[in-house]
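Here the structure is laid out as structure tokens; the discussion comes afterwards.
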Amino acid sequence: MNGFFSIDDVDDLPNLIKMAKDIKKNPYKQHKELQNKSICLLFLNPSLRTRLSSQRAAQNLGVHVTVFDVSAGGWQIEFEDGAVMNGNSAEHIKEAAAVIGTYFDIVAVRAFAQLQDRCLDYSEQVLNQFIKHCPVPVVNLESSTRHPLQAFADVLTIESHKKVEKPKVVLTWAPHPKALPQAVANSFSLWVQKSDYQLTIVQPKGYELAPEFVGNAKVEYDQLKAFECADFIYAKNWSSYSDYGKILTNDRNWMVDVAKMQRTNEAKFMHCLPVRRNVVVSDDVIDSANSLVVEEASNRIVSAQTIFKNILEQ
Ligand code: SN0
């Protein structure tokens, strides 16, 4: 693997899942050939799970890890080609990525969608500029349109709880006070479909994801209907793709609660975290025995470790 931007970098998902299961069983296996390798984790936005799980993943492999909050302690980076840099940006991505790439063997980057300009966000300017100008492999720690390490951890979680070969998975939109990116939902949809599970995406009108991310998923607008017989409920808020970055409704009736979960096939509840309790999901659902949110988050170490190992061993 020569970098990890999206599911397109995975040739063989069943094999990747198998490697992840081996890593989960034996996370501290010695890798002498990795002992002088190094990873830089660059954050342009906040993080809790991604930061800590990626560090633990690197440490488990015996790899040196450096975390850098670019937005807090670095120069403001310019991403526009040909920019006249007489504003706030002090250095161009061309130099920044080139230099960082001489210090480390992997550069992992978090850069959220700005939710202002759909074309710009969906062009993945920041990650693509890193990939273009960085001489070593780049890993996506959530970009404008994707969060593949999260989706990989989600699939690993479903794999260890599914009772049938192709479980019914429902991705449901849920209310939120802030406008959030579509990245988590987009990647979840792609990875679940690649895993060959049955996927239904349910959302209010106007919240449909971009067609390339909906793929062959069943699209529903009636949440109660979508929940019937579901094996997994994955809740997430996202802002509108069509009316880009906007909050179109905050209808509290879309919160996941016990009455809705009772319509499912004793479904497991999933969310990537952080989650707004009693807005996205009621306390009694997220605190129930069917909630997988903590296990999902713990699998973030496994997904990151599997990807780092694959890249570094090549
Ligand atoms: C991010 C998102 O993409 O939705 C990261 C999820 C892993 N979530 C948030 O920014 C939530 C912020 C909030 O205020 O609840």
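Tell me which of these LEU273 doesn't satisfy, since it passes every other one: (1) open to solvent by less than 30 Å² (accessible area, probe 1.4 Å); (2) within 20 Å of the chain's Cα centre (by Cα).
(1)
Going by what's in this entry, would LYS162 be described as over 18 Å from ALA297 (Cα atoms) and among the basic types (Lys, Arg)?
Against the criterion (over 18 Å from ALA297 (Cα atoms) and among the basic types (Lys, Arg)), LYS162 does not qualify.
For every residue, the table says whether it meets (1) under 25 Å from LYS166 (Cβ atoms); (2) assigned by TED's automatic domain parsing to the domain that holds LYS37; (3) of a type in the set (Lys, Arg).
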| position | (1), (2), (3) |
| --- | --- |
| ASP257 | no, no, no |
| GLN262 | yes, no, no |
| MET270 | yes, no, no |
| LEU273 | no, no, no |
| VAL293 | yes, no, no |
| THR306 | yes, yes, no |
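Looking at (1) open to solvent by 10 Å² or more (accessible area, probe 1.4 Å); (2) under 23 Å from ALA151 (Cα atoms); (3) within 16 Å of the ligand (Cβ to nearest atom), find the lone condition where ASN278 falls short.
Result: ASN278 fails condition (2) only.
Going by the structure shown, is ALA297 surrounded by fewer than 23 Cβ atoms within 10 Å (Cβ to Cβ), in contact with a Lys or Arg (Cβ under 7 Å, 6 or more places away or on another chain) and not in a loop (DSSP other than H, G, I, E, B)?
yes
Restricting to helices (runs of 4 or more DSSP H) lying wholly in the stretch 43-134: which have 1 or more residues that are out of contact with any strand residue (DSSP E or B) (no Cβ under 8 Å at 6 or more places or on another chain), modelled with pLDDT of 95 or more and under 21 Å from LYS309 (Cα atoms)?
In the stretch 43-134, the matching helices (runs of 4 or more DSSP H) lie at 49-61, 93-103.
Return a yes/no flag: does the stretch 12-28 have any residue that is in the same structural domain as PHE130 (by TED's automatic domain parsing), in a loop (DSSP other than H, G, I, E, B) and within 16 Å of the ligand (Cβ to nearest atom).
Looking for residues that are in the same structural domain as PHE130 (by TED's automatic domain parsing), in a loop (DSSP other than H, G, I, E, B) and within 16 Å of the ligand (Cβ to nearest atom), one finds none in the stretch 12-28, hence no.
If you check every pair at least six apart or on different chains, which have Cβ atoms under 8 Å apart with a residue in the stretch 163-180 that is modelled with pLDDT of 95 or more first and a residue that is of a type in the set (Asp, Glu) and open to solvent by 10 Å² or more (accessible area, probe 1.4 Å) second?
LYS163/ASP231; VAL164/ASP231; LYS166/ASP196; PRO167/ASP231; LYS168/ASP231; VAL169/ASP231; PRO175/ASP251
The values are calculated or read from the model by the stated rules, or taken from the named source; none is laboratory data. This is a predicted model, so every value here is computed, not measured. Every residue, glycine among them, receives a Cβ derived from its backbone with ideal geometry; neighbour counts consider all protein chains shown. Keep in mind that these areas ignore ligands, DNA and RNA; they rest on the heavy atoms of the full protein, side chains included. Shrake-Rupley method; radii C 1.70, N 1.55, O 1.52, S 1.80 Å.
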